[in-house]
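Presented below is the structure to which this report refers.
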Ligand code: OGA
Ligand code: MN
């Protein structure tokens, strides 16, 4: 069955219609979806009814799946499959987490503009979020997820700016990003388990051939540059990249599945009514090599 692709924004995001994600995909459909990902970077599917197992199986067609920081930590979880990340404000018994709950405070780091797992030596590729329960709005947001097009942001730099940043290497550290919101209570051993990683700042996306800025809240400094200078450059580039013309904001409905490519986008969650459940489930595909070994 041919899929229908409708762009949602000038640069980034397309809605995909004509697919039931609970059913096995044909290789031809996987190929069509990859083409859409390479072109639009973010894909939106509405009105899906899938279990965690079906989400895992669907995502697994696009690459090996990540076991996230929280599932890797062990202990009792709300969700059965380690490949399904719990992107919710709920505890193991499906109760809304207390305001000072450590897991909740850690996950508030998702409100900063970031690309997932850039602190890992081999970072991730696709993120896939499925909405089960969507919360009511708050004064500062309705739990939207926003996506910035880092290819369009790169393209909009001047030639002199592009030249100045070509070849730069950035260090990414999850403890740096969490520290920015004042979260420093990591579980014992976690710091040792997730040391910083180095990533290329300018990447070439293998699917589209387009250059892209690889930035993230995890980005702590630029290798070989005095820290204050590198941080200010990272701030300037981030400020440039998150201008509204580069951003698609997704307002969730239950049954939405959103796929994004972490190699050429940044994303962030928005605030919502914290007293009400927000239940999203995430599958994530792994890359196969370091960004430092990629073709420039
Ligand atoms: C994520 C993430 C943002 C949100 O799942 O990787 O950053 O809106 N989520 O929950
Ligand atoms: Mn994220």
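The values are calculated or read from the model by the stated rules, or taken from the named source; none is laboratory data. Remember, predicted model here, so these are calculated numbers, not experimental data. Here the Cβ positions follow ideal geometry from the backbone for every residue, glycine too, while neighbour counts run over all protein chains shown.
Figures for the structure shown
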item: Hits in the range 57-69 (condition: in contact with a helix residue (DSSP H, G or I) (Cβ under 7 Å, 6 or more places away or on another chain) and either in a helix (DSSP H, G or I) or surrounded by fewer than 17 Cβ atoms within 10 Å (Cβ to Cβ) (or both)); result: 61
item: Some residue of the range 192-206 being at negative phi, at pLDDT below 95 and within 16 Å of ligand 2 (Cβ to nearest atom); result: yes
item: Conditions (1) in a helix (DSSP H, G or I); (2) more than 16 Å from ligand 2 (Cβ to nearest atom); (3) surrounded by 15 or more Cβ atoms within 10 Å (Cβ to Cβ); number of the one not met by residue 35; result: (3)
item: Positions within the range 87-101 being near ligand 1 (Cβ under 10 Å from one of its atoms) and either within 18 Å of residue 186 (Cβ to Cβ) or outside any strand (DSSP E or B) (or both), in sequence order; result: 89
item: Within the range 102-206, helices (runs of 4 or more DSSP H) holding 2 or more residues that are away from ligand 1 (no atom under 16 Å from the Cβ) and crowded, with 19+ Cβ neighbours inside 10 Å; result: 150-155
item: Test result for residue 54, more than 20 Å from the chain's Cα centre (by Cα) and touching a residue at least 60 places away in the same chain (Cβ under 8 Å); result: no
item: Condition met for residue 15 (surrounded by 13 or more Cβ atoms within 10 Å (Cβ to Cβ), in contact with a strand residue (DSSP E or B) (Cβ under 9 Å, 6 or more places away or on another chain) and in a strand (DSSP E or B)); result: yes
item: Cβ-Cβ under 9 Å pairs, at least 6 apart or on other chains, the range 257-277 side more than 27 Å from residue 239 (Cβ to Cβ) and in contact (Cβ under 8 Å) with a residue 40 or more places away in the chain, far side near ligand 1 (Cβ under 9 Å from one of its atoms) and in a loop (DSSP other than H, G, I, E, B); result: 273/143
